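A short write-up of the structure that comes next.
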Amino acid sequence: MAKSSVRVAATSPNKLFFGDNLEILRRQIKDESVDFVYLDPPFNSQARYNVLFKSPVEEVTSAQVGAFLDFWSWHTGEAEAAYHEIMTHVGGPTATFVSALRSALGESDMMAYLVMMAQRLVELRRVLKRTGSLYLHCDPTASHYLKILLDGIFGPDKFRSEIIWKRTSAHNSAKRWGPIHDVILFYSASDEFTWEDVHQSYDQEYINSFFVHEDPDGRKWRRADLTGAGTRNGESGKPWRGINVSAKGRHWAVPHGELDRLDAAGRIHWPLKQGGVPQRKRYVDELPGMPLQDLVLDIKPVHNVGQERLG
């Protein structure tokens, strides 16, 4: 794990900060005090972004506008200073990876962007609790480089997922595939990170395709196997109700007593075919739904006039 040389005093909770996030992290946020980090930094797309807040101090507002010009250059001097800090104060795999990236990319705008990000990611790793997680939203322009940085800062074994978000339906681009997705990189601070299983409802097309059976009361269900591959000794390898699945190279995946209970409850489908193996009835209204996948297709982008935008 990358180490920061910065140590800060505790700050009160429920504060909203505005300004340079690196300065705020170093001065205001103590070690291992944050449960969750989501960041959506500039993408090195050479685009100008609107200022997100107004300040009563004109100089501060002007600085904000300058900060949201998404254009990074090595030749301002700031990038070299950031690189030197990473080499001398952070060290470890982070410094090794940053040095390797500089060897490959040279003193380029992309490298300036990456050292700026590395400084902040080191601090974000510092403030995360052991149970915490980080989600970094980026685009394919730099996602592969940012993943290298995160591997150095968090450790390759703390990488959890690369989530692909289809952010728009179509995009015209000359001589390349239309860029319609963003990337979200998910890392945890440790193996003890907090995780809650989340499911989404099955869509009607999925239900119609897989839950093709229906009880007289209208409940839809699909067949599910009651056996597992391979033969076993003990009860799971013995016949149940005269059905010997060992002869088919399988074993009962459910204890005989549970099979009796399921059958009594009408939850086993018996095939009409002689010698067929019974199957379990899985009702769609009893299942939690589809676990969230790393391909997100159903969340639309927030448009400029969307109410979700701050302002």
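A protection proxy built from the mean count of other Cβ atoms within 10 Å ranks the segments 175-187, 121-133, most packed first, as 121-133, 175-187. If you find the alpha carbon centre of the range 116-168 and of the range 71-114, how far apart are they in angstrom? Going from one Cα centre to the other spans 17 Å.
In this simple spin-label approximation, H171 and E235 carry label points 7 Å from Cα along the Cα→Cβ vector, and these lie 5.7 nm apart.
Each Lys and Arg contributes +1 and each Asp and Glu -1, all at the Cβ; summed about the Cα centre of the range 204-286, the dipole is approximately 360 debye. Couplings 3J(HN,Hα) of the range 216-224, computed from phi: x, 7, x, 6, 8, 8, 10, 7, 9 Hz, in residue order, whole Hz [Karplus 6.51 cos²θ - 1.76 cosθ + 1.60, θ = phi - 60°; x for Gly and Pro].
Remark: the F210-M87 segment gains 38.7 nm on full extension, using 0.36 nm per residue and subtracting the alpha carbon distance. Please state the shape class of the range 132-189: rounded when a/c is under 1.5, otherwise prolate if a/b exceeds b/c and oblate if not, all from the C-alpha gyration tensor. Since a/c reaches 1.5 and a/b is larger than b/c, the shape of the range 132-189 is classed as prolate.
Computed from the coordinates by the stated procedures, all read-outs in this text should not be read as laboratory data. Quick caveat, the model's predicted, so the values are computed rather than measured. FYI the Cβ positions are ideal-geometry reconstructions off the backbone, even for glycines, and counts take in every protein chain you see.
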